[in-house]
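Okay, so here's the structure we're looking at.
The values are calculated or read from the model by the stated rules, or taken from the named source; none is laboratory data. Bear in mind that the values here come from a model prediction, so they are computed numbers and not experimental data. A quick note on method: Cβ atoms are made from the backbone with ideal geometry, for glycine too, and the neighbour counts reach across all protein chains shown. Areas reflect the complete protein model, heavy atoms only, side chains present, ligands, DNA and RNA absent. Shrake-Rupley method; radii C 1.70, N 1.55, O 1.52, S 1.80 Å.
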Amino acid sequence: MSRRFERIGREALREKIDHGEDFVLVDALSPIAFAMSHLPGAINLTPGWVDDRARRRIPDLDTEVIVYCESSDCDSSVAVANRLVDLGYRNILHYAEGRRDWAEAGLPLEGGRV
């Protein structure tokens, strides 16, 4: 079942990161793509890893979780968000424009040490 998630834009996400707000940023791309570059502070949680790793990486079901992938054409973030909801997570936001939008705005990325 596919759901609609509340969206968060680039500027609102940047402010959360800049202010050190308490949330978990989830990159839903492959481990290689994650290693190449990801948004600051993101963790890597692919659709295939959610069941095995979500509870360890995000133990509190009320934690604000923001998921993203490459762009609005990428479905991995929606798949991860759907599975997190299935597992009981209650506070999921979607940065649909993703890493490409972030990079095109000239904002910093981490990684690149493969």
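Restricting to segment 73-110, count the residues that are free of Cβ contacts under 8 Å to residues at least 12 places away in the same chain and either open to solvent by less than 40 Å² (accessible area, probe 1.4 Å) or not in a loop (DSSP other than H, G, I, E, B) (or both). Residues that pass the stated criteria total 2. Considering the conditions (1) under 13 Å from the mean Cα position of the chain (by Cα); (2) without any contact (Cβ under 8 Å) to a residue 12 or more places away in the chain, Pro59 is excluded by exactly one of them, (1).
Residues of segment 18-28 that are crowded, with 19+ Cβ neighbours inside 10 Å and not β-branched (Val, Ile, Thr): Leu25, Asp27, Ala28.
Can you confirm whether segment 29-38 contains a residue that is open to solvent by 70 Å² or more (accessible area, probe 1.4 Å), under 14 Å from the mean Cα position of the chain (by Cα) and not polar (S, T, N, Q)? The answer is no; no qualifying residue exists.
Scanning segment 57-72 for residues that are farther than 17 Å from Ile92 by Cα and surrounded by fewer than 16 Cβ atoms within 10 Å (Cβ to Cβ) turns up just one, Ser71. Taking the criterion of being buried (at least 18 other Cβ atoms within 10 Å of the Cβ) and modelled with pLDDT of 95 or more, the residues of segment 1-15 that qualify are Ile8, Leu13. Taking segment 62-97 as the range and being within 10 Å of the chain's Cα centre (by Cα) and either among the β-branched types (Val, Ile, Thr) or farther than 18 Å from Ala42 by Cα (or both) as the test, the residues that pass are Val65, Ile66, Val67, Val78, Val80, Ile92.
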